[in-house]
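For reference, the structure discussed in these notes is given below.
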Amino acid sequence: MIPAAVEAARPAPWAGAAEPGPEPAVNRILLRDCYRVLLPDGSTPSGLDVLIEGNRIVLVGKVPAERARAARIIDASNHVVLPGLVNTHHHFYQTLTRNIPAVQDAKLFDWLVYLYEIWKGLDEDAIYWSSRLAAAELLKTGCTLSTDHHYLYPTSFSGDLPGLQFDAAAELGLRFAPTRGSMSRSKKDGGLPPDTTVQDEDRILADSEAAIRKYHDAAPDAMRKLALAPCSPFSVSEKAMREAAELGRRYGVRLHTHLAETSDEDDFCVKIYGRRPLKLMEDTGFLGKDVWYAHGIFFNDQELEDRGRRPGGPGPLRPEPDGVRRRPVGPRGGPPILRLQPRRGPRHRQRDPGGGEGRPPRRRRGEDPGRSQPRRPAAPGESGTGLRRHRT
Ligand SMILES: [Zn+2]
């Protein structure tokens, strides 16, 4: 796969003949004679070229020699060219604290409480290098557009946090749409984070607006966008959530948060707010086409059906962290409704399509250590199951 800026859903003029234009003042890359190209209509023709100018795919077809002038030419005759993957949730800073033996198998809240004690010391180097590392990992695995949900602003941190992240992403060529996250509910208010890792609502609002004005580019092909993302119902106040929604809509930026990740969150919301998490989102304006949630595991059937019937819905949901998966179960002709079902084991996954001529080779059993192999508790002093996915 070639992850160069070949991005999903971009209306490339693949069916038409682009006229040779004036010499562009941008970098050109020509993927010549591709073994297969996945086109927006789902077809996979072979032998086509892909011409990229700057950050745009300008032609998919047979590119005339004069159009390829000054292009960097890559022989793609042994490559399948796919749209770049889009990552809708991440915590770049957590790349620095993978494989901590003490919490490899901890429940979410215990895991957070332990790691906050490390994360409260984040400094500029930590933000910059973790962002470089995460961006590199994403690009090497086919992702060309990513967000990042950064919500932890230690009182000891005085740098330009979004600026460090944008720099790191730009240096590697990743299209980047991070969020200005936030936490306002610390231990002193019944939350989980240490008091030195949260901010008050006024500071969050002022810094969020400043970050939007400085970094958000509303252009359709922008390499930089910004969204607003209070961390979760159990780490921000209702006021902070509501103000973030109002500010985001005023500037036309998207909204994001963790939601319905654990049953502990359900219990917390019912106890503190007297409502389940999704109702809290509705009441604070965090519902709509411009909102996407991470997780969404503990919606109940009624919530899923209610959302499914309404236009919009909860937006893209990322794959699960906790051993369940989703499938569309909407009525025929109606919008899809998402329902949870237990994750099946490796035997089932092996039956997924994957072999045959023109398809990538079938993955062998046990090649995905993060998902296919049974987990076992990590012994003291060892790193458990290897690479650890980030969590909330
Ligand atoms: Zn998360």
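Throughout, read-outs are computed from the coordinates displayed, never taken from laboratory work. Just so we're clear, the structure is a prediction, and the values are computed from it rather than from any experiment. With ideal geometry, Cβ positions are generated from the backbone for all residues, glycine too; neighbour counts draw on all protein chains shown.
In square nanometres, what is the average projected area of the Cα convex hull of region 85-342? All intermediate terms of the calculation are to be shown ahead of the outcome.
Details: hull surface 55.2 nm².
Dividing the Cα hull surface by four gives the mean projection, 13.8 nm².
By counting other Cβ atoms within 10 Å of each Cβ, how are Asp33, Asp148 ranked from fewest to most?
On the way: Asp33 17, Asp148 26.
Ranking Asp33, Asp148 by Cβ neighbours within 10 Å, fewest first, gives Asp33, Asp148.
Would you mind checking Lys140/Lys279; Lys62/Lys225; Lys187/Lys271; Lys120/Lys225; Lys107/Lys187 for any pair whose Cα atoms are more than 28 angstrom apart? Display every interim value, and only then the final one.
Numbers: Lys140/Lys279 39 Å; Lys62/Lys225 33 Å; Lys187/Lys271 16 Å; Lys120/Lys225 26 Å; Lys107/Lys187 18 Å.
Over 28 Å Cα-Cα: Lys140/Lys279; Lys62/Lys225.
For Trp129 and Ile100, compute 0.36 nm times the residue count separating them, minus their Cα-Cα distance, and round to one decimal in nm. Could you put the intermediate results ahead of the total?
Numbers: separation 29, 0.36 × 29 = 10.44 nm, distance 1.86 nm.
Roughly 8.6 nm would be gained on extension.
What is the sum of charges around Asp49, taking Lys and Arg as +1, Asp and Glu as -1, for the other residues whose C-beta is under 10 Å from the C-beta of Asp49? Could you put the intermediate results ahead of the total?
On the way: positive: Arg32, Lys62, Arg67; negative: Asp33.
That works out to +2.
Which residues' amide hydrogens lie under 5 Å from the amide hydrogen of Arg180, considering only partners 5 or more residues apart or on another chain, with H built in the peptide plane?
Amide H to amide H, under 5 Å and 5 or more residues apart or across chains, Arg180 pairs with Ala227, Leu228, Ala229.
Can you list the equivalent-ellipsoid semi-axes of region 165-290, largest first and in whole Å, using the square root of 5 times each Cα gyration tensor eigenvalue? Intermediate values should be presented prior to the final figure.
On the way: eigenvalues 143, 51, 36 Å².
So the equivalent ellipsoid measures 27, 16, 13 Å along its semi-axes.
Listing His79, His256, His90, His149 from the residue with the fewest other Cβ atoms within 10 Å to the one with the most, what is the order? All intermediate terms of the calculation are to be shown ahead of the outcome.
On the way: His79 16, His256 29, His90 23, His149 26.
If I rank by nearby Cβ atoms, fewest first, I get His79, His90, His149, His256.
Could you let me know the centre-to-centre spacing of region 181-239 and region 83-112, using Cα atoms, in angstrom?
So the separation of the two Cα centres works out to 19 Å.
Arrange Cys143, Cys34 by Cβ neighbour counts within 10 Å, fewest through most, would you? Can you show the working numbers first?
Details: Cys143 19, Cys34 24.
Ordered from fewest to most neighbouring Cβ atoms within 10 Å, Cys143, Cys34 come out as Cys143, Cys34.
For Tyr251 and Lys271, compute 0.36 nm times the residue count separating them, minus their Cα-Cα distance, and round to one decimal in nm. Display every interim value, and only then the final one.
Details: separation 20, 0.36 × 20 = 7.20 nm, distance 3.32 nm.
Stretched out fully, the Tyr251 to Lys271 stretch lengthens by 3.9 nm.
Can you tally the net charge around Ala169? Count Lys and Arg as +1, Asp and Glu as -1, for every other residue whose Cβ sits under 9 Å from the Cβ of Ala169.
Details: positive: Arg132, Arg175, Arg224; negative: Asp148, Asp167, Glu171.
In short, 0.
Taking the Cβ of Gly190 as the centre, find all other residues whose Cβ is under 14 Å away and add up their charges (Lys, Arg: +1; Asp, Glu: -1). Working shown, then result.
Values: positive: Arg185, Lys187, Lys188, Lys271; negative: Asp189, Asp195, Glu238, Asp264, Glu265, Asp267.
Here the count lands on -2.
Please report Rg over Rh for region 129-206, where both radii come from the alpha carbon positions and Rh follows the Kirkwood definition. Can you show the working numbers first?
On the way: Rg = 14.5 Å, Rh = 13.7 Å.
Here Rg/Rh amounts to 1.05.
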